[in-house]
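The values are calculated or read from the model by the stated rules, or taken from the named source; none is laboratory data. No experiment lies behind these values; they were computed from the predicted model shown. Virtual Cβ from ideal backbone geometry, glycine too; neighbours counted across all protein chains shown.
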């Protein structure tokens, strides 16, 4: 590569990196400024962070929202990884004439928007008396077609010879899955953790519909409440959005090394 192409590549990557990071930088700066400064587009950090934080905790129950979001996202992520990995593993390892039909139905379900099934689901859970319950919140998201497809694709790279050898040695099917498949697919689980946790943490519409108690407040609901007043304090709003972003950023940076390998289904 000559110097001209190399310089162009670095300039292009620098511009793309700046455009990617700028919204986060602007959000951080806005959270430290007054509402009037945010409206005028001030792009340097201010000294109003403490005041914005005091206003935020005075107007909203920040601790409750953080706890609810963290609990919901963590439990849902664990259950989703367990169910979807078992389903994806079963679709690939165990052969049956009807499994391709079932998998086709699952893939077809990916094309149905959530808004189209939200009202029927709410009516179903309402008739079952499950409104304002954690089960109603988690059941629609425990097994998603995308996660099942992702684990099925990853299972294709898992050596079948290992499974046969383990069966000959007397290891049970459950033992093969938890003692051999799960440790081998760490990168896939890491990628699935990022996707599932971020989706559960940022989920707003379904929790807003099915969890109607004030005690069920989550961070997306809290941010929405900051926009519902006659006068919006943009400094406080940006601080709320920034706090809402921190957990998902931490999860991503913790698992980023395995994210690419997990998406491609690589097995080491």
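Summary of computed values
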item	result
Hey, residue 120 under 30 Å from residue 224 (Cβ atoms) and surrounded by fewer than 16 Cβ atoms within 10 Å (Cβ to Cβ) or not	yes
Subset of region 20-66 (residues that are closer than 16 Å to residue 219 by Cβ and part of a loop (DSSP other than H, G, I, E, B))	31, 60, 61
Condition met for residue 93 (modelled with pLDDT under 90 and surrounded by fewer than 19 Cβ atoms within 10 Å (Cβ to Cβ))	yes
Selected residue [more than 20 Å from the chain's Cα centre (by Cα) and surrounded by 19 or more Cβ atoms within 10 Å (Cβ to Cβ)] from 32, 77, 40	32
Evaluation of residue 187 against (1) surrounded by fewer than 20 Cβ atoms within 10 Å (Cβ to Cβ); (2) more than 29 Å from residue 57 (Cβ to Cβ) (one fails), failing number	(1)
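To keep it simple, each residue is scored yes or no on (1) loosely packed, with under 14 Cβ neighbours inside 10 Å; (2) at pLDDT 90 or above; (3) closer than 18 Å to residue 79 by Cα.
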site: 171; (1), (2), (3): no, no, no
site: 174; (1), (2), (3): yes, no, yes
site: 183; (1), (2), (3): yes, no, yes
site: 202; (1), (2), (3): no, yes, yes
site: 207; (1), (2), (3): no, yes, yes
site: 214; (1), (2), (3): yes, no, no
site: 218; (1), (2), (3): no, yes, no
